[in-house]
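What follows is a single structure, written as C-alpha cells, with notes after it.
The values are calculated or read from the model by the stated rules, or taken from the named source; none is laboratory data. Just so you know, these numbers come straight off a predicted model, no measurement behind them. With ideal geometry, Cβ positions are generated from the backbone for all residues, glycine too; neighbour counts draw on all protein chains shown.
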Amino acid sequence: MKAALPSPPPRYPLAIIGAGALGLHFAARLAQSGPLALVARDAERAQALRAGVTVGAQRHRFDAFGPAEPPAADWVIVLVKAGDTAAAARTALAMRPRGVVSLQNGLVGDVLRAACGALPSDQGITTEGAFRDGERVVPSGAGETLLPPGFEAVAEHLARAGLRARVEPAIEAARLAKLLVNLAINPLAAIFRVPNGALREPPFRAYLDALVREAWPVLHAEGLALDEPAAHERVLAVAGATAGNRASMLQDVLAGRATEIDAITGAFLALAERHGAAAPTHEAVFRLVKLQESAR
C-alpha cells in the first residue's frame, strides 16, 4: 500500500532539497525539532521516504515530495550533487522562499545565484558527515555548519535541532578552507577507496601533503585566511575528526555515480590557471577520478 502524500502546512518553515546521505542526516535532525519538507529526486523516491528510512539507529518517515510538487517554504537548504545545482534552484524558486542556501561541496555559489536571480541565495559550508550503508544512512562525525550573513533564521533552525551552526561574516574565506579540505581528501579517498582517516598515514599521507602544498598558494591568493602550516593542520584535523567517514566522492565511485570532481578539483584547476600556478598532483588526481567515472 502506498504511503500517502503528507498534508502539508500552508508553508513549511524549512525545506531541504536533496535526499542523499547528508540531506537525510540533516533532515532526520531537523524534523525532530519542527516541520520540515524534504524534496527528493523524483516522486518514487519521495514515496519511499514517506514510508520510512533508517538514519543512524532510528527509523524516520519524512514529509517528502517530488520536484514537480514542492510545497511552499520560508527557507530552503540545497544539498544535491554539484551538477544538479541549477535544477535544485529552479525547484526552490517554485517554493516561494525568503532565501536559498547551499551546503554543497565545491564552488557552486555562482550557479546558484544565477539560477535564483533576485531571490537571496548564497553558499555556506558544513563539515557534518554521513554515508550510506545499504539502505541505512550512517552519521559519521559531528561537524559545524557556517551560514552566510542573511541566513540567521536557518542557523537558528539548525541550532534548535542540536547541530552546531552559526552565521560566518567571513564566509568566502571559510568556503576556501572547506574547498582546501575537499581538494585534499575527496579525490584521494575515491582513488584509493579508503576512509578519511587512512589518508593521515603512509602511504597516502605523502599525496595528501602534496595536494595541500600545491593548493595553498592559489587559495591564499584568493583569500584563504590560513597560513601554510595551518592549512596542513586543518586538513589533517578534518581527516582525523571524520576518520571513519567515506568521503562523498568515494561513495559516488562505489555506487557508480558521477562524482563532483569538476566542481572541486576542476574549479581549483581553473583558479590555478588564472594565477599561473602549477598543480601537477591535482591534475593527476583529476584525471584518475575521471578515469574511474568513465569505467562506469
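Scanning for something surrounded by 23 or more Cβ atoms within 10 Å (Cβ to Cβ), part of a helix (DSSP H, G or I), aliphatic (A, V, I, L, M) and in contact (Cβ under 8 Å) with a residue 24 or more places away in the chain, does the range 260-269 turn up at least one residue? Steps first, please.
Residues of the range 260-269 that are surrounded by 23 or more Cβ atoms within 10 Å (Cβ to Cβ), as a first pass: 260-261, 264-265, 268.
Okay, now just the ones that are also part of a helix (DSSP H, G or I), so 261, 264-265, 268.
Keeping just the survivors that are aliphatic (A, V, I, L, M) gives 261, 264.
Checking which are in contact (Cβ under 8 Å) with a residue 24 or more places away in the chain leaves us with 261, 264.
Checked against the condition, which is being surrounded by 23 or more Cβ atoms within 10 Å (Cβ to Cβ), part of a helix (DSSP H, G or I), aliphatic (A, V, I, L, M) and in contact (Cβ under 8 Å) with a residue 24 or more places away in the chain, the range 260-269 yields at least one hit.
Regarding the range 73-87, can at least one residue be identified that is farther than 29 Å from GLU222 by Cβ and part of a strand (DSSP E or B)?
Yes, there is a match, as at least one residue in the range 73-87 is farther than 29 Å from GLU222 by Cβ and part of a strand (DSSP E or B).
Considering only residues that are within 17 Å of the chain's Cα centre (by Cα) and of a type in the set (Asp, Glu), which ones fall in the range 138-167?
Passing the criteria: only GLU144.
Show the residue pairs that are 6+ apart or on different chains and have beta-carbon atoms under 6 Å apart, the first residue being within the range 136-162 and at positive phi and modelled with pLDDT of 95 or more, the second being surrounded by fewer than 19 Cβ atoms within 10 Å (Cβ to Cβ) and part of a loop (DSSP other than H, G, I, E, B).
Within 6 Å, the pairs are GLY150/PRO120.
Name the residues in the range 88-113 that are more than 19 Å from ILE264 (Cα to Cα) and assigned to a helix (DSSP H, G or I), would you?
Step one: filter the range 88-113 for residues more than 19 Å from ILE264 (Cα to Cα), giving 89-100.
ALA89, ARG90, THR91, ALA92, LEU93, ALA94, listed by residue number.
Among the basic types (Lys, Arg) and touching a Phe, Trp or Tyr at 6+ places or on another chain (Cβ under 9 Å): is that true of ARG98 in this structure? Lay out the reasoning, then the answer.
Working: among the basic types (Lys, Arg): yes; touching a Phe, Trp or Tyr at 6+ places or on another chain (Cβ under 9 Å): yes.
Considered against the rule, which asks whether it is among the basic types (Lys, Arg) and touching a Phe, Trp or Tyr at 6+ places or on another chain (Cβ under 9 Å), ARG98 comes out as yes.
Could you check, for the range 276-296, whether at least one of its residues is outside any helix (DSSP H, G or I) and closer than 14 Å to ALA184 by Cβ?
Yes, the range 276-296 contains at least one residue that is outside any helix (DSSP H, G or I) and closer than 14 Å to ALA184 by Cβ.
Are there any pairs, at least 6 apart or on different chains, whose C-beta atoms fall under 7 Å, with the first in the range 166-183 and farther than 17 Å from ALA230 by Cα and the second acidic (Asp, Glu) and assigned to a helix (DSSP H, G or I), and if so, which?
From the range 166-183, the pairs are VAL167/GLU152.
What are the residues in the range 47-72 that are touching a Leu at 6+ places or on another chain (Cβ under 8 Å) and in a helix (DSSP H, G or I), if any?
LEU49, ARG50
Residues checked against (1) more than 16 Å from GLY23 (Cβ to Cβ); (2) of a type outside the set (D, E, K, R); (3) touching a Phe, Trp or Tyr at 6+ places or on another chain (Cβ under 7 Å):
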{"residue": "ARG113", "(1), (2), (3)": "yes, no, no"}
{"residue": "ALA153", "(1), (2), (3)": "yes, yes, yes"}
{"residue": "GLU156", "(1), (2), (3)": "yes, no, no"}
{"residue": "LEU163", "(1), (2), (3)": "no, yes, no"}
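When residues of the range 52-73 are filtered for being more than 15 Å from LEU30 (Cβ to Cβ) and small (Gly, Ala, Ser), how many remain?
Total satisfying the criteria: 5.
Among the residues of the range 242-253 satisfying the criterion of being in contact with a strand residue (DSSP E or B) (Cβ under 9 Å, 6 or more places away or on another chain) and aliphatic (A, V, I, L, M), which is farthest from LEU103 (Cα to Cα)?
For the range 242-253, the residue satisfying everything is LEU250.
Please find, within the range 231-256, the residue that is nearest to LYS290 (Cα to Cα) out of those that are part of a loop (DSSP other than H, G, I, E, B) and in contact (Cβ under 8 Å) with a residue 60 or more places away in the chain. Talk me through it step by step, then tell me what you get.
From the range 231-256, those part of a loop (DSSP other than H, G, I, E, B) are 242-247, 256; that's our starting set.
Next, only the ones that are in contact (Cβ under 8 Å) with a residue 60 or more places away in the chain stay: 242-247.
Details: THR242: 25, ALA243: 25, GLY244: 25, ASN245: 22, ARG246: 19, ALA247: 16 Å.
Here the answer is ALA247.
Restricting to the range 245-259, name every residue that is surrounded by fewer than 17 Cβ atoms within 10 Å (Cβ to Cβ) and either among the acidic types (Asp, Glu) or closer than 18 Å to GLU222 by Cβ (or both). Can you show your working first?
At the first step, the residues of the range 245-259 found to be surrounded by fewer than 17 Cβ atoms within 10 Å (Cβ to Cβ) are 254-258.
Within the range 245-259, no residue meets the criteria.
Only residues that are in a strand (DSSP E or B) and either within 17 Å of the chain's Cα centre (by Cα) or β-branched (Val, Ile, Thr) (or both): list them for the range 22-46, please.
Keep residues of the range 22-46 that are in a strand (DSSP E or B), which gives 37-39.
Residues satisfying the conditions are LEU38, VAL39.
Residues ALA73, ALA28, ALA88: which one is of a type in the set (Gly, Ala, Ser), buried (at least 16 other Cβ atoms within 10 Å of the Cβ), in contact (Cβ under 8 Å) with a residue 60 or more places away in the chain and over 30 Å from ALA241 (Cβ atoms)? Step through it out loud before you land on a result.
Working: ALA28 fails: over 30 Å from ALA241 (Cβ atoms); ALA88 fails: over 30 Å from ALA241 (Cβ atoms).
Only one candidate passes the filter, namely ALA73.
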